[in-house]
Amino acid sequence: MDKKTIFSGVQPSGILTIGNYLGAIKNWGAFQEECNCIFCVVDQHAITVRQVPADLRRRTYETLAIYIACGIDPEKSTLFVQSHVSGHAELAWALNCFTMYGELSRMTQFKDKSKKNADNINAGLFTYPVLMASDILLYQTDLVPVGQDQMQHIELARDIANRFNTVFSPTFTVPEGFIPKTGARVMSLSEPTKKMSKSDENVNGFVSLLDDKDTIIRKFKRAVTDSDTVVCRGDEKYGINNLMNIYSCFTGKTDEEIVREFEGKGYGDFKLAVGEAVADGLAPIQAEFNKLMADKSYLEAIMKNGADTANRMAQKTLSKVYRKLGFVGRL
Ligand code: TYM
């Protein structure tokens, strides 16, 4: 049987958070042994919002280093930078012509980001889900491991693939999303009804994968909870539900075990324990990250290799698409 193809990516638009880790990267490694895995640093997506060029460049290296530090093995998976493979932008143009204005207008991320960047609602922000569909469809992807917030974009990628396949003949594999049972939607620590985001202006809302132990513990101590005192889940206990999810992801403990552990103790003890579990969980990742960042040429060799491999796969799909569209092949 053919190996399944897995594709996913993260924008280098900020230092990655534990939301990116628990919702996405932590789950990627499990596919490496049995699947054809492709993980991309999606720099072209990042410019839908203004970036400082030097920061974007540095974060592209950092994001790649984080993938590897989180257990993605460049010997087993293809790791590359999106702008190094021109097929992404090329396919996006073709698929723009198979995506409806109405579909893009309904994307919740577009609505949210337009509100946040009211002075820069550019066309890229609007057509961004088409570039994401291209990332996925270019590699004939079967499965896309992501957090909950990306599922709407994956649904759109499926619709675009089906539409193209119907207008012409089967061309694209129709991908499926894969979200983890716990950690698919990590919430902000300061506003637990909002998603944790690496671009949040309030640094206390997110925990970065590179925060030091003291910072992590301080952020968890400050986490917004509720006026109850018992550590257990509740419909309106957004903060505690979120902390229980995070604690469970980092310790593997079930809800019952957590409730038992903190029986008779208060929120303060619980928050401290979550902070410590997260700091301990991130320590080996940070150590590996620091080693990798000290060896830029190693990261560059991976980028180069990955781009070559990805480009070969991408060109296969792209030439198939161009043929079906009726473009005369380059002579
Ligand atoms: P991005 O960069 O916003 O986030 C990267 C991944 O992290 C997940 N994630 C979260 N999961 C749980 N809780 C959170 N608070 C949280 N915040 C982020 C996201 O769901 C995502 O899986 N458009 C994508 C990047 C992308 C992509 C792709 C992903 C571009 N092309 C193709 C998969 C396939 C994005 O902006 O992710």
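Any read-out appearing in this document is the output of simple, stated calculations on the displayed coordinates, not a laboratory observation. Here the structure is a predicted model, which is why all the values come from computation and not from measurement. Using ideal geometry, Cβ is built from the backbone for each residue, glycine included, and neighbour counts are taken over all protein chains shown.
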Report the Cα-based extents of the stretch 3-103 along its three principal axes, largest first, to the nearest Å. 38, 36, 24
Pairs on different chains or at least eight residues apart, Cα atoms closer than 26 Å: how many lysine pairs in the stretch 1-139 fit? 6
Other residues with Cβ under 9 Å from the Cβ of C70 give, with Lys and Arg +1 and Asp and Glu -1, a net charge of 0
Between F98 and A301, what length comes free when the chain is fully extended (0.36 nm per residue of separation minus the Cα-Cα distance, one decimal in nm)? 69.5 nm
Per the C-alpha gyration tensor (a ≥ b ≥ c, the square roots of its eigenvalues), the stretch 1-40 is rounded if a/c is under 1.5, else prolate if a/b beats b/c, else oblate; here it's prolate
Taking Cα pairs closer than 8 Å and at least 6 residues apart, the relative contact order of the chain in percent is 22
Could you pull out every residue, at least 5 positions away or on a different chain, whose amide H is within less than 5 Å of the one on K195? Hs are placed 1.01 Å off N in the peptide plane, and Pro or chain starts have none. S188
If you bin the C-alpha pair distances of the chain every 10 Å from 0, what whole percents do you get? 5, 25, 32, 24, 11, 3, 0, 0
Give me the net charge for the shell around A310: Cβ to Cβ below 15 angstrom, other residues only, Lys and Arg +1, Asp and Glu -1. 0
Taking the square root of 5λ for each eigenvalue of the C-alpha gyration tensor of the stretch 190-331, the equivalent ellipsoid has semi-axes, largest first and in whole angstrom, of 44, 21, 14
Given the -39500 (n - 2.57) contribution per DSSP H run of 4+ residues, what per-residue ellipticity at 222 nm results for the chain, rounded to the nearest 500 deg cm²/dmol? -16000 deg cm²/dmol
Note down the nm distance, to one decimal, between modelled labels 7 Å out along Cα→Cβ at R57 and at T309. 2.7
On a 0 to 90° scale, report how tilted helix 151-167 is relative to the longest principal axis of the chain, with both axes built from alpha carbons and the result rounded to the nearest 10. 20
Return one number: the angle in degrees, 0 to 90 and rounded to the nearest 10, between the long axis of the Cα atoms of helix 123-137 and the longest principal axis of the Cα atoms of the chain. 80
Taking one equal scatterer on every alpha-carbon of the stretch 176-267, how large is log10 of I(q)/I(0) by Debye at q = 0.11, 0.20, 0.21 1/Å? -0.32, -1.05, -1.15
Within-11-Å neighbourhood charge of K271 [Cβ basis; K, R +1; D, E -1]: +3
Computed over the chain: longest principal axis from alpha-carbon atoms vs helix 267-293 long axis, angle to nearest 10 degrees, is 40
Long-range share for the stretch 43-195, i.e. C-alpha pairs more than 25 Å apart as a percent of all pairs, stands at 35
Here the alpha-carbon Rg of the stretch 221-272 over 2.2 N^0.38 Å rounds to 1.00
Kirkwood hydrodynamic radius, the stretch 251-331, all distinct C-alpha pairs: what's the number in Å? 18.1
Translational D in µm²/s for the stretch 41-92 (Stokes-Einstein at 20 °C, 1.002 mPa s, Kirkwood Rh from C-alpha pairs): 177
